[in-house]
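Structure record follows, encoded as C-alpha cells.
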Amino acid sequence: MDHFLYRDGALYAEDVPLTDIAAAVGTPFYVYSTATLLRHFQLFDEALEGTDHLVCYAMKAASNQAILRTLAQAGAGMDVVSMGEYLRAKAAGVPGEKIVFSGVGKTAEEIRVALEGGVRQFNVESEPEMEAINAVALSLGKVAPITIRVNPDVDAKTHAKIATGKSENKFGIPIARASAVYAHAAALPGLEVVGIDVHIGSQLTDLAPFEAAYQKVADLTERLRAEGHDIRRLDLGGGLGIPYTRSNEAPPLPLDYGALIKRTLGHLGCEIEIEPGRLIAGNAGLMVSKVIYVKSGEGRDFLILDGAMNDLIRPAMYDAHHDIVPVIEPEPGGDPQPYDIVGPVCETGDTFAKGRLMPPLAAGDLVAFRSAGAYGAVMSSEYNTRPLIPEVLVNGDQFAVIRARPSFDEIINRDTIPSWL
Ligand code: LLP
C-alpha cells in the first residue's frame, strides 16, 4: 500500500497534487511519501514484535538525509556500505550504535572512521578484511564488534545481478568454513565476535530461500556456541521483494517474514537485525517525468520523456518493469494504445518500456513511474551532462525539496582544466 492515489482525476502524493510539485521544481523529479516510508518501516518493526530486534534500513536504496532522519526518528538503525553512507547517516542524526557496516571491500580508512565515530558492528566478508579491522582497531586502542557474513549457498531465485547467496557469488565466507574462520576471529584481540550475518539477495518474492538460509544460520549458531563463541546477534540482511505491478504480484508480507524469522531462529534467544531497503523505500517513491514529444515510428509510437536512463537505470540495467501512469487521469473512452516509452539519451538502452499500453498522451503531459523510490535516485548519474534530478519529500499537505537540481554551472565548474591546456 502506498499514499499515491488519484483524487478528482489527478495523482496525489499524500495530500499534495503532483502537478503542484511539478510546477514548483520542474520535471523530472523524484517524490517520496513520508507516510508510506513510515508505514513500511513499522510493518517490519511490528513483524518482529516480542523479539529483541533492530530494523536497520539499507540506506543504499534511497539515501537522502531527509529519508534517513524520517526513519531514524521512528526508531530505525541503518545498514551502510561505504564511508559516504556512514557519514551521511551520521549527518542525518543516526547514532553510531545503530549503524551496521556491511560491504565486501571496506578500506582501512573506512574502518577507522567508523570505529572513531561509533559503529554497532562490522559485517565482515572475508579473512583479509577481518585482519584489517583487527589491525585498525588495535592501532586505535579499540575492540571492533563484528559478525561474519556466511554464504549459505542458497538460490534466492531472483535476478542474477542481485542474487548474493550462492557459493559462486563474491559475498561472505562459505558456511562450511565458518568454524575455522570464527576460530581465527576469536584469536584476534582487536575483534569481538558478536554474531552471524547473512544476506542472500534482493527482490525475493518467495519465503522459501529465506527459510533455507535461516535454517542454516540456526544450525550454525548452535555449532558455533558449542565451539565456545558467544553468538548473541543475528543479522539476517534484507531482500524482501515488493510488487512492481498493481495486478498480478503478491510478494510475502513483512508479517509472514517476521513469523518465519521467529519460527526458524526464535528459540536461540538472539537479538535480531534485519536490513530491508527496497520494501521500505520502493513503493514510497515515484519518478515524475514529462512527455517532450510523441513520435510516430515504423509501426510504433514513441513517447519521448524528459526523464532518462541516467535518472532511473533499473529498466536498462535489469530489464525491470515499472508501472508508468498518467498524472492526470484520462477522460473515459480514450482507448489505450501501445507506446515505446523512452528517454532522450543517445542509446537504444534508454528505453523504459516497449509496447506499453497507455491512454493517449500528448506533449506536455506528465507521467509517474511507480515503485521508483528504491534504487532510483541513488543509482542516477549525470550521463549526457544531464543534472541529477531533484528529490522532494511530502508529508501530509506539505512538501519540501530535499535535494535541489544542480545548476549547469555547478556541474561544469566541477571540471578543472590542467595548466598545459
Ligand atoms: N543488506 C545487504 C548486505 C545488501 O547487499 C542489500 C542490497 C540489502 C541489505 C538491501 O536489500 P533490499 O531489502 O533492498 O532488497 N540495485 C538493485 C538492488 C541491489 C541490492 C543490493 N543489496 C535493484 O535496483 O534492483
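Observations, loosely collected:
- Checking the Cα-Cα distances for K60/K290; K90/K216; K142/K166 against a 30 Å cut-off, the pairs over it are K90/K216; K142/K166.
- GNM top mover of Y32, Y57, Y339 - the chain, alpha-carbon springs below 10 Å: Y339
- Amide H within-cut-off set for V392, under 5 Å, with H built and near neighbours excluded: Y30, V31, Y32, I402
- Gap separating the Cα centres of the stretch 39-91 and the stretch 148-224, nearest whole Å: 21
- Approximating the spin labels as points 7 Å out from Cα along Cα→Cβ, the R300-to-L140 distance works out to 5.2 nm.
- Helical contribution to [θ] at 222 nm, DSSP H n ≥ 4, -39,500 (n - 2.57), averaged over the chain, rounded to 500: -8000 deg cm²/dmol
- Mean Cα-pair separation over length for the stretch 103-274, i.e. relative contact order, pairs under 8 Å, 6 or more apart, %: 20
- Per-residue HN-Hα couplings for the stretch 61-77 [Karplus 6.51, -1.76, 1.60; θ = phi - 60°; Hz; x = Gly/Pro]: 5, 6, 10, 4, 4, 5, 5, 4, 5, 4, 6, 4, 5, 7, x, 6, x
- Relative to the longest principal axis of the Cα atoms of the chain, helix 127-140 runs at roughly 80 degrees.
- Between 0 and 90°, nearest 10: helix 34-47 axis offset from the chain longest Cα axis: 30
- Paramagnetic label reach from L268 (point 7 Å along Cα→Cβ; backbone nitrogen cut-off under 12 Å): within the stretch 147-177, residues 148-150.
- Amide H contacts under 5 Å for Y6, placed H, 5+ residues apart: Y12
- Relative contact order [Cα under 8 Å, 6+ residues apart], the chain, whole percent: 19
- Extension gain, C346 to D20: 0.36 nm times the residue separation minus the Cα-Cα distance gives 114.3 nm.
- DSSP beta bridges in the chain [antiparallel fraction, %, rounded to 5]: 50
- Ranking A108, G364, V342 by how far each Cα lies toward the positive end of the dipole of the chain (charges on Cβ) leaves A108 at the top.
- Computed lengthening from D397 to R232, 0.36 nm per intervening residue step minus Cα-Cα distance: 55.0 nm
- Angle in degrees between helix 254-265 and the longest Cα principal axis of the chain, rounded to the nearest 10: 10
FYI, it's all coordinate maths here, none of it is from the lab. The model shown is predicted, which means the values in this text are computed figures rather than measured ones. We place every Cβ from the backbone using ideal geometry, glycine too, and count neighbours over all the protein chains shown.
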